[in-house]
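A short write-up of the structure that comes next.
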Amino acid sequence: MKFKLLFLLLCITFFFLGNEVFSQVSLNSKDYYLTLNKPGRKKRIRFYIGEELKFKLKDENFRRTATITAIDSNSITINGVAKIPLEDFKMIHVEKDSYFAGLSRAAHASGTGAGIVFGVLGGVATLLNVEKGETMIYGGGVLLVVGQFFSLFTSRNYRLNSYRYLRTVPQWQGLDLEKTSSY
């Protein structure tokens, strides 16, 4: 009898605690975030309100840079002024943030800087008729090319099509709808 009463009290306690935990999730939230869905290892790239977005619109040949100020169910507002439907986007520019991308940024900066310095020093040495001045120019050119090569690994442009597309996802506090692991 005592065991049944204790079990009943535990069930009622867990019922109310579970109800309270679930009630902290706001199901009426109007907050969204933008995702770039694509094939590959990293399936989704998220963009939140306040982040900077680099993109091209359809029928434009230049890239824009703007801050996301609001995200609706089928459009985003940039810089608090222009509301753009998701269908109007042509390309999204994404800066990579991996360890290798950081090393590539460092190699790009140091190679380009060293190439420019060696090129200028080689030019000055050549004008002053110093030995190995031309070699310094060639070395500077090689360093400049290698530095520019490493810039290929720091960012990527994603052209939007049926495989790569933008989508808005509702954001609820306390609940992650895109959880990748299953229990």
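Below are the figures for this structure:
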item: Kirkwood-Stokes translational diffusion coefficient of segment 74-127, alpha-carbon pairs, 4 °C, 1.567 mPa s, µm²/s; result: 85
item: Amide H within-cut-off set for residue 31, under 5 Å, with H built and near neighbours excluded; result: 171
item: Of all accessible heavy-atom area on segment 45-183, the percent that carbon and sulfur account for (1.4 Å); result: 58
item: Residue 126 versus residue 60: modelled label distance in nm, points set 7 Å from Cα along the beta carbon direction; result: 4.2
item: Table column - 3J(HN,Hα) (Hz), segment 70-76, Karplus curve with 6.51, -1.76, 1.60, x for Gly and Pro; result: 7, 10, 9, 6, 9, 7, 10
item: Spatial extent of segment 127-170: Rg and Dmax, with the Cα atoms as the point set, Å; result: 21.6, 68
item: Long-range amide H partners of residue 160 with built H, under 5 Å; result: 91, 92
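The values are calculated or read from the model by the stated rules, or taken from the named source; none is laboratory data. Just so we're clear, the structure is a prediction, and the values are computed from it rather than from any experiment. So basically every Cβ, Gly included, is an ideal-geometry build from the backbone, and we count neighbours across all protein chains shown. Remember, those area values only see protein heavy atoms, side chains included, never the ligands or the DNA or RNA. Shrake-Rupley method; radii C 1.70, N 1.55, O 1.52, S 1.80 Å.
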